[in-house]
Amino acid sequence: MWINTPNARLALAARRGLRLKGARGAKLRAVQGTLWVTIDNDLRDIVLDPGESFVVDSDRPLVVMPLGECATVDVKSAAQANAGALSSLLHALWPRRLGGAVAQSAPATQAA
């Protein structure tokens, strides 16, 4: 199956994996169950419990498998993950004030 979307929530059944290619920068988050992430020719084993996430740091294909009966994973594309980080940065630099934009009035001049 080919899925091409910036965000996906996928339920993984026991012994059923999800293979991702070209996923550098994508954010994987365990929603339900425990996930095992393995990257081709990488010695690491990444295990994600619910609420934990991993940003893919390799160009190699990877496999996401449930550890146990089933699991649910959120996959956010690199562009979406970067947009979220940019949004957080901009919000930190320029926090919105209640009511949206803030207008300042010019000082009142005295009538002559």
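The values are calculated or read from the model by the stated rules, or taken from the named source; none is laboratory data. This one's a predicted model, so the numbers in the text were calculated from it and none came from an experiment. Note: ideal-geometry Cβ built from the backbone for every residue, glycine included; neighbour counts use all protein chains shown. Quick note on the areas: whole protein, heavy atoms, side chains included, nothing else; ligands and nucleic acids left out. Shrake-Rupley method; radii C 1.70, N 1.55, O 1.52, S 1.80 Å.
Brief remarks on what is shown
- Test: residue in the range 38-50 that is at positive phi, open to solvent by less than 50 Å² (accessible area, probe 1.4 Å) and either free of Cβ contacts under 8 Å to residues at least 12 places away in the same chain or in contact with a helix residue (DSSP H, G or I) (Cβ under 8 Å, 6 or more places away or on another chain) (or both): no
- Only one of Val56, Val64 that is open to solvent by less than 80 Å² (accessible area, probe 1.4 Å) and over 16 Å from Ala78 (Cα atoms): Val64
- When residues of the range 9-37 are limited to those that are open to solvent by 50 Å² or more (accessible area, probe 1.4 Å) and touching a helix residue (DSSP H, G or I) at 6+ places or on another chain (Cβ under 7 Å), the one modelled with the lowest pLDDT: Arg24
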